[in-house]
Each structure stands twice: as structure tokens, then as C-alpha cells.
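S.K.: Could you have a look at this structure, given as C-alpha cells, before my questions?
What follows is calculated from the coordinates using simple rules that are stated; it is not laboratory data. Just so it is clear, the structure is predicted and the values come from calculations on it, not from any experiment. For neighbour counting, all protein chains shown are included, and Cβ atoms are generated from backbone atoms with ideal geometry for every residue, glycine included.
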Amino acid sequence: MSMLGRALAEAFESDDPGDEVTARLLDAAYDQFCRMGIRRSTMEDVARRAGVSRITAYRRFATKDLLVEQVVRREFRRYFDQFLLDIAEARTAADRVVVGFVSSLQAFRSNPLIGGLMGAEPDLLVPSMISDGGETLSTVQQFVAGQLRREQEAGYISERVDVNLVAEMWTRLSASFLAIPSRVVDLDDTEQLRALARRYLAPMLEAP
């Protein structure tokens, strides 16, 4: 599984950093990566920003890749937590589709780390999304399918809706918008995104 795939999968687990030093290193790494990018940052840079020795940093994270993975995982964890809060305020399943789609795209794009990497260092994240045998997209698809399955169990959408297929379509559509700039859809235009989701995504919840 790719770095992004592992970070996504682990984002569903506990977000406890373990100890105060580890938390400081994660905070420092986040600030460092946002300011300088991942490639231009070293473990020494992170350790210095965290106020710890290089040896201490390596004791917590054996490699820079492991540190990057944990920082990205924490951002995904924060995103999923906020996503659940956002859709909880919507009244209907269709409303939750619209809110979820818009908040997902804009949350990733506005995130200083994830959005910044997609803009400045896309070759670090985008290949991870598309060249890992589908593991990364599968992780997101399973999360979305799980949310739709809860909608079914609550009686908000028909049992005849194939939630796995709908989740697959939504995940691939969102991933393509994030990875490939659009000349048709303005991802910063909230109303346009809402209209798109209501017209094309919400109808997928209707029984065939």
C-alpha cells in the first residue's frame, strides 16, 4: 500500500500521538512541511523546530517517510472528524451528499499541508493515489460506502441502491477533481459545487 493509502487507513484508528515529544514533532513537522514542502525539509529541520535533538526525532520516527505518513494521517483524521460533524447538520440524505461533496473538496484544497502538496509537489501525492493498485481509492470508497450503508439501515435511501457502486463513482469523481485541475468547474465556487452535487450526485441515491 502507498504512503497515502496507509495514512488514510490508519486515520480511522486512534489519534493519540503517544507522548508529548511525539506530539511536538508532529506539530513541528506539519509547520515545516507547510512552509518548505516535504522534499526541502529534513529530519534535522523538524527536530530543530520541535526543540529536540536529531537522535530523539529518529527514536520516534525511524525515517522521514514514517514521519510524513503520520503527519498526513493526522490531517486525514481531522478531516474525517470534521466531515462527520458537517453532514450531521444536514436534514436529508441528499443534503448530506451535497454537504459531504462540497466540504470534502474544499477541505482538502484549503488544507495547508494536503492542498499545498497537491499544488506545489503533486508528484508526491498524486502518483500515490493512482499507482498503488487502487488501494488508496478503495480506502476512501469503503468509508463512503459505510456512510451510505448507514443511510440505508436508517431507511433514508432504498435498499435497492448499490452503495458500493455509488461510493465508487463519487470517490473517483472527487479524486479526479483534486488531482486534475478543471477548466469547467470552479472548485472554489461553493454554489457551483452544491448545484453539481445536487443535480448529478444526489440522484444516484434513487432506486433503479
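S.K.: May I ask you to compute the full-extension gain from Gln192 to Leu84, defined as 0.36 nm times their residue separation minus their alpha-carbon distance, rounded to one decimal in nm? The partial results should precede the final answer.
M.R.: Numbers: separation 108, 0.36 × 108 = 38.88 nm, distance 2.22 nm.
That works out to 36.7 nm of additional length.
S.K.: Still on this model: Extending each Cα 7 Å along its Cβ direction at Ala154 and Gln106, get the distance between those two points in nm, one decimal.
M.R.: 2.2
S.K.: Can you tell me the FRET efficiency between Leu173 and Asp19 if r is taken as the Cβ-Cβ distance and R0 is 41 Å, rounded to the nearest 0.05? All intermediate terms of the calculation are to be shown ahead of the outcome.
M.R.: Values: r = 40 Å, r/R0 = 0.98.
That gives a FRET efficiency of 0.55.
S.K.: At q = 0.17, 0.32 Å⁻¹, what is the base-10 log of I(q)/I(0) for the stretch 56-99 according to the Debye formula with one equal point scatterer per Cα and no solvent? Please give it to two decimals.
M.R.: The calculated log intensity ratios at q = 0.17, 0.32 Å⁻¹ are -0.58, -0.99.
S.K.: From the gyration tensor of the Cα coordinates in the stretch 136-208, what semi-axes in whole Å does the equivalent ellipsoid have, largest first, with each one equal to sqrt(5λ)? Walk me through the numbers before you get to the answer.
M.R.: On the way: eigenvalues 111, 46, 17 Å².
Over the Cα atoms of the stretch 136-208, the semi-axes work out to 24, 15, 9 Å.
S.K.: How do 134-147, 187-200 rank on mean C-beta neighbours within 10 Å, highest first?
M.R.: On the way: 134-147: 18.4, 187-200: 14.3.
The densest-packed peptide leads the list: 134-147, 187-200.
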